[in-house]
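The values are calculated or read from the model by the stated rules, or taken from the named source; none is laboratory data. Model, not experiment: these values are computed from the prediction. Positions of Cβ are backbone-derived with ideal geometry, glycine not excepted, and every protein chain shown enters the neighbour counts.
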Amino acid sequence: MCCSSVPCRFILAALALGGSFGTVTHAQEICGLQDANFDTIFAHGFDPPTPGGGLGPPADTTLPPVLGVTPTIAITWPTANTVLPGGKLQIIGTVTGSTNTGVAVAGTRAYVRNGVFVTPEITLDSAVTSLSASATTMDGLTASASVAISVSTAEPDARFSTTTPVGYSPLPVGYRLTIGNGLTLQSVAVDFDGDGSTDYTGTTAGDLPVFTYPAPGAYTATANLTFAGHPPVAVKHRVIVLALDEQRTAICSVYAHLRARLTAQDASGAGYALMGALKSRLMPLFDALGARMPVVAANLGIMADGLIGLDSADIVAVRDLTSEIRGYPVHFARDSNGVWRIDSM
């Protein structure tokens, strides 16, 4: 089970001393596609599910990302020529592309859920006159979008913020409401999940009650404020709640791509799966392997256990070595464009 932005453990398999697994008959899957717990997947341990030994066919598989698909991207907030308050602001938009398409805005990685992206809060000052967003696929195809904006130096009437704009479902989020100097708050009504219903009413600013988002999605929380002797104000904050199985799929697709390209003896294509330093180290090896690359691909093993965070993941790949099943660590991370790649293995 996982929550908030803490890395989430899935398909937990107990590693014995020396990194090997026991050899009794076990259940298995490839790359953690099933959203299940320890007792379900590993009810009998981890080992051959089929007669004759070996790991046997996987319960589920992940396909590599489709290559050659140019992404699209659009910024939906802020809209063109909006005058924004100085300070922190989230950027929201839409994106299309193959699995593991990353998004970055003004040098900040965004998070994507079902074609919608949301950034953490970005600090803006009056010198900023435009915002640019980019979408990047694993094979390097890109798209970009930009909007012209201006940033006010005036203090906003209110700020609505959270330290948890992204996380895994179910996601508990605490909000904070700050009122501008000289204003007297009379009432606040908050719709946390954007369904049109008021979830909280009060008369004071500061920390608001924690609201838990039970399901993945992109949500807009709106606080409607009334003041004494001042027009009403509405302030918004966006939260994106991720699905663990979608994150698994993006990560596992990178590993699937590496194996597929090595099997096809495509060294340069295999390099798409690797982060810069690892790519520099392994590409000469791939080139030297030549016709033996498929043998390496077959020996990479099955992804079976790990920790998935928002920007990095530590996964154990397992291989059947006849006398035992041994685990090997593989570290994944999102690069500066938001694309998942293998950082070490």
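Look at Ser134 and say whether it is over 26 Å from Gly217 (Cα atoms) and hydroxyl-bearing (Ser, Thr, Tyr). Show your work before the answer.
Details: over 26 Å from Gly217 (Cα atoms): no; hydroxyl-bearing (Ser, Thr, Tyr): yes.
Taking the combined requirement at face value, the residue does not satisfy it.
Quick check on region 111-130: of everything there that is outside any strand (DSSP E or B) and among the β-branched types (Val, Ile, Thr), which residue is nearest to Asp335 (Cα to Cα)? It would help to see each step written out before you state the result.
Of region 111-130, the ones outside any strand (DSSP E or B) are 114-115, 119-121, 125-129.
Imposing the further condition that a residue be among the β-branched types (Val, Ile, Thr) reduces the set to 119, 128-129.
On the way: Thr119: 15, Val128: 25, Thr129: 26 Å.
The extreme case among them is Thr119.
Taking the options Arg238, Arg259, name whichever one is farther than 20 Å from Val296 by Cβ, basic (Lys, Arg) and surrounded by fewer than 24 Cβ atoms within 10 Å (Cβ to Cβ). Show your work before the answer.
Working: Arg259 fails: farther than 20 Å from Val296 by Cβ.
Among Arg238, Arg259, only Arg238 is farther than 20 Å from Val296 by Cβ, basic (Lys, Arg) and surrounded by fewer than 24 Cβ atoms within 10 Å (Cβ to Cβ).
Working carefully through the options Thr249, Thr222, Thr198, find the one that is of a type in the set (Val, Ile, Thr) and in contact with a Lys or Arg (Cβ under 9 Å, 6 or more places away or on another chain). Before the answer, list the steps.
On the way: Thr249 fails: in contact with a Lys or Arg (Cβ under 9 Å, 6 or more places away or on another chain); Thr198 fails: in contact with a Lys or Arg (Cβ under 9 Å, 6 or more places away or on another chain).
Going through Thr249, Thr222, Thr198 in turn, just one is of a type in the set (Val, Ile, Thr) and in contact with a Lys or Arg (Cβ under 9 Å, 6 or more places away or on another chain): Thr222.
For Pro231, all conditions in the list (1) at negative phi; (2) surrounded by 14 or more Cβ atoms within 10 Å (Cβ to Cβ) hold save one; what is the number of the exception?
With respect to (1) at negative phi; (2) surrounded by 14 or more Cβ atoms within 10 Å (Cβ to Cβ), Pro231 is out only on (2).
Under the condition of being of a type in the set (A, V, I, L, M, F, W, C) and surrounded by fewer than 16 Cβ atoms within 10 Å (Cβ to Cβ), which residue from region 290-316 is nearest to the chain's Cα centre (by Cα)? Talk me through it step by step, then tell me what you get.
Of the residues in region 290-316, the ones of a type in the set (A, V, I, L, M, F, W, C) are 291, 293, 295-298, 300, 302-304, 307-308, 310, 313, 315-316.
Filter once more, keeping what is surrounded by fewer than 16 Cβ atoms within 10 Å (Cβ to Cβ): 291, 295, 298.
Working: Ala291: 35, Val295: 32, Ala298: 28 Å.
Only one residue tops the list, namely Ala298.
Looking only at region 71-110, filter to residues that are assigned to a loop (DSSP other than H, G, I, E, B) and of a type in the set (Ser, Thr, Tyr); which one of those is modelled with the highest pLDDT?
So the first thing to find is which residues in region 71-110 are assigned to a loop (DSSP other than H, G, I, E, B), and the list is 71, 78-81, 86, 90-91, 97-101, 106-107, 110.
Restricting the remaining residues to those that are of a type in the set (Ser, Thr, Tyr) gives 79, 98-99, 101.
Numbers: Thr79: 93, Ser98: 93, Thr99: 90, Thr101: 96.
Of everything passing the filter in region 71-110, Thr101 is modelled with the highest pLDDT.
Within the set of pairs 6 or more residues apart or between chains, which connect a residue that is more than 22 Å from Leu124 (Cα to Cα) inside region 88-108 to a residue that is of a type in the set (S, T, N, Q) and in a strand (DSSP E or B) with Cβ atoms less than 9 Å apart?
If the second residue must be of a type in the set (S, T, N, Q) and in a strand (DSSP E or B), the pairs left are Val95/Thr72; Thr96/Thr72; Gly97/Thr72; Gly97/Thr136; Thr101/Thr136; Gly102/Ser134; Gly102/Thr136.
How many of the residues in region 115-151 are at pLDDT 90 or above and either in contact with a helix residue (DSSP H, G or I) (Cβ under 8 Å, 6 or more places away or on another chain) or among the small types (Gly, Ala, Ser) (or both)?
So the count comes out to 15.
Are any of the residues in region 148-164 in contact with a Phe, Trp or Tyr (Cβ under 6 Å, 6 or more places away or on another chain) and either surrounded by 15 or more Cβ atoms within 10 Å (Cβ to Cβ) or among the acidic types (Asp, Glu) (or both)? It would help to see each step written out before you state the result.
We begin by selecting, within region 148-164, every residue in contact with a Phe, Trp or Tyr (Cβ under 6 Å, 6 or more places away or on another chain); these are 162.
Cutting the leftovers down to either surrounded by 15 or more Cβ atoms within 10 Å (Cβ to Cβ) or among the acidic types (Asp, Glu) (or both) gives us 162.
Scanning region 148-164 turns up at least one residue that is in contact with a Phe, Trp or Tyr (Cβ under 6 Å, 6 or more places away or on another chain) and either surrounded by 15 or more Cβ atoms within 10 Å (Cβ to Cβ) or among the acidic types (Asp, Glu) (or both).
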